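Engineer: My questions all concern the structure below.
The values are calculated or read from the model by the stated rules, or taken from the named source; none is laboratory data. None of these values were measured; they are calculated from a predicted model. Ideal geometry is used to build each Cβ from the backbone, glycine not excepted, and the neighbour counts take in all protein chains shown. Accessible surface is based on the protein model in full, side chains and every heavy atom, while ligands, DNA and RNA are left aside. Shrake-Rupley method; radii C 1.70, N 1.55, O 1.52, S 1.80 Å.
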Amino acid sequence: MKKKHIISYFISSLVLLLLFCASATAQNDSIASTETDSIIIKEKYGLRVGADISKLVRTFVDDDYTGFEIAADYRLKKRLYIAGEIGTEEKNTITDYLDITTKGSYIKAGIDYNMYVNWLDMDNMIYTGFRAGASSFSQNLNSYNIYNTNQYWEPQFTSSDLIEFNDLTAVWVELILGMKAELFNNLYLGLNVQLKVLASETEPENFQNVYIPGFNKTFDSSGIGVGYSYTLSYRIPLYKKDK
């Protein structure tokens, strides 16, 4: 009986030892498999350059507008970009009382912060940004009417003499909310909206700026402007970092 108990105890111990060894081997195989199957994702860093296609479309469909803008950004960190735009605009504004042509160029510079967390090798953006902008422009007053409260007895004064206002400048700041989606490798389609606040401007004598290139309509001199853009851009990949 004692021999049977000893043999039974030995067999049980051997079975437990084999199970322990099998479990340890399985864990080691799992760890090795995880290390072998791990994938390192590379994030692209470089200069992205494009154009505002909304201004190009508007140029073709609106006889009173001509504009072109180049936009660019450069990735500094995982979510931080330096960004800027440079462009030209010519806008003819016609109302019941005046006909004025504004023409000039502008530049904007600032930063963008990507709030979107990409999956795997995706490279899209939902971002907020800040810009400081400056414009140099001129205005030509082509014709104007002077409103007379006594319209029944007095004729309305109308002038078609060209008046030029040159060397005008404006400075503003703007907040941006936008998105960029990668259509193909390194090719991006973007959309953003802009809220602008005028910081300073030079006004013509006895007149006001009705349109500022890069800032847009001044909304009756309130100092508030809005804007938007659709961009098509291409990133020149300079290097990559591990995600």
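Engineer: I'd like to check something: does segment 45-68 contain any residue that is among the hydroxyl-bearing types (Ser, Thr, Tyr), in a helix (DSSP H, G or I) and at pLDDT below 50?
Structural biologist: No - not one qualifying residue is present in segment 45-68.
Engineer: Out of the residues in segment 175-214 that are among the β-branched types (Val, Ile, Thr), loosely packed, with under 15 Cβ neighbours inside 10 Å and not in a loop (DSSP other than H, G, I, E, B), which is modelled with the lowest pLDDT?
Structural biologist: Checking each candidate, the answer is Val197.
Engineer: Mind counting the residues in segment 111-135 that are over 20 Å from Tyr188 (Cα atoms) and surrounded by 17 or more Cβ atoms within 10 Å (Cβ to Cβ)?
Structural biologist: Summing the residues that are over 20 Å from Tyr188 (Cα atoms) and surrounded by 17 or more Cβ atoms within 10 Å (Cβ to Cβ) in segment 111-135 gives 4.
Engineer: So, of the residues in segment 169-193 that are of a type in the set (Val, Ile, Thr) and more than 12 Å from the chain's Cα centre (by Cα), which turns out to be farthest from Gly46 (Cα to Cα)?
Structural biologist: Thr169
Engineer: Residue pairs, Cβ under 7 Å, 6 or more apart or interchain, first in segment 121-133 and small (Gly, Ala, Ser), second part of a loop (DSSP other than H, G, I, E, B). List them.
Structural biologist: Every condition considered, the pairs that remain are Gly133/Gly214; Gly133/Phe215.
Engineer: Ok, one more. Counting only residues that are more than 16 Å from the chain's Cα centre (by Cα) and either more than 20 Å from Gly190 (Cβ to Cβ) or in a strand (DSSP E or B) (or both), how many does segment 69-98 have?
Structural biologist: 11
Engineer: Looking at segment 68-101, which of its residues are without any contact (Cβ under 8 Å) to a residue 24 or more places away in the chain and of a type outside the set (Val, Ile, Thr)?
Structural biologist: Phe68, Leu76, Lys77
Engineer: Would you confirm whether any residue within segment 75-88 is open to solvent by less than 30 Å² (accessible area, probe 1.4 Å), in contact with a strand residue (DSSP E or B) (Cβ under 9 Å, 6 or more places away or on another chain) and within 24 Å of Ser143 (Cβ to Cβ)?
Structural biologist: no
Engineer: Mind checking whether some residue in segment 59-72 is open to solvent by less than 60 Å² (accessible area, probe 1.4 Å) and over 28 Å from Phe165 (Cα atoms)?
Structural biologist: yes
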